[in-house]
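Below is one structure, written out as structure tokens; the observations come after it.
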Ligand SMILES: Cc1cc2nc3c(=O)[nH]c(=O)nc-3n(C[C@H](O)[C@H](O)[C@H](O)COP(=O)(O)O)c2cc1C
């Protein structure tokens with residue numbers, strides 16, 4: 001799959017097959033994701049591979065669609081607000097890389113904001129200042145959602161003199 005196809009066909013998957021995804025493949029996609037741009041090579045991502053005991057305590061309406069793998073992707077603290085924003089931006093790039101790499105091999109991902117809650121932060125043992133950018137279920141899609149149209153990009157484009 002070429003990059004354009006991967007970008008255009010990735011979907012936010014909400015229902016997964018129970019079939020396992022090889023751990024080595026997930027690690028391979030995470031390693032590839034680390035080639036994301038990051039200012040001053042801070043590599044500000046951290047990943048929690050969430051096991052069943054911890055997962056059972058996370059409140060979520062459908063247990064992350066039954067995905068066989070659940071990751072939390074964190075952004076490390078910055079020493080200034082600018083650093084913090086740069087870290088968060090780099091981790092977002094990391095996440096998109098990861099999702100595209102998985103998708104290119106037929107594996108779906110979702111993105112949940114459930115990690116923003118204080119309760120979930122505590123369950124995951126996240127230190128103050130570290131951001132939970134996303135909880136990411138990973139698995140073979142049971143249902144692939146229909147694409148959602150985007151506005152023409154020209155509607156978002158402003159020409160400056
Ligand atoms: C920062 C962020 C947080 C998100 N949180 C959620 C969420 O809590 N629950 C959810 O169903 N989708 C969440 N999403 C996924 C979006 O809903 C999804 O990407 C959007 O509907 C577009 O669908 P697509 O990714 O399939 O094109 C999140 C996406 C981002 C970037």
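Say we join alpha carbon atoms closer than 10 Å with springs in a Gaussian network model of the chain; which of 149, 19, 85 then has the biggest fluctuation?
Looking only at 149, 19, 85, the largest GNM fluctuation is found for 149.
Sort largest first and round to whole Å: the equivalent ellipsoid semi-axes of the chain, each the square root of five times a Cα gyration tensor eigenvalue.
Here the semi-axes work out to 24, 23, 16 Å.
Of 146, 89, 32, which is the most mobile in a GNM of the chain whose springs link Cα atoms less than 10 angstrom apart?
Maximum among the listed residues: 146.
Only Cα pairs within less than 10 Å get springs; with that Gaussian network setup on the chain, which residue of 126, 13, 73 has the largest fluctuation?
For the chain, modelled as a Gaussian network with Cα springs under 10 Å, the answer is 126.
Counting other C-beta atoms within 10 Å, which of 112, 79, 117 has the fewest, and how do the rest follow?
Ascending Cβ contact count within 10 Å gives the list 79, 117, 112.
Can you tell me the Rg and Dmax of the stretch 77-123, counting just the alpha carbons, in angstroms?
Considering the stretch 77-123 through its Cα atoms, Rg and Dmax are 13.7, 39 Å.
What FRET efficiency, computed as 1/(1 + (r/R0)^6) with R0 = 30 Å and r the Cβ-Cβ distance, is obtained for residue 39 and residue 160, rounded to the nearest 0.05?
0.80
Largest first, please: the extent of the C-alpha atoms of the stretch 97-161 along each principal axis, to the nearest Å.
Cα extents, longest axis first: 47, 38, 18 Å.
Which percent of the Cα-Cα distances in the stretch 1-61 go past 17 Å?
That fraction is 66 percent.
Specify the inter-centroid distance of the stretch 1-72 and the stretch 107-132, based on alpha-carbon positions, in whole Å.
About 13 Å separates the Cα centre of the stretch 1-72 from the one of the stretch 107-132.
We did not get these values from a lab; they are worked out from the coordinates using the rules stated. This is a predicted model, so every value here is computed, not measured. Using ideal geometry, Cβ is built from the backbone for each residue, glycine included, and neighbour counts are taken over all protein chains shown.
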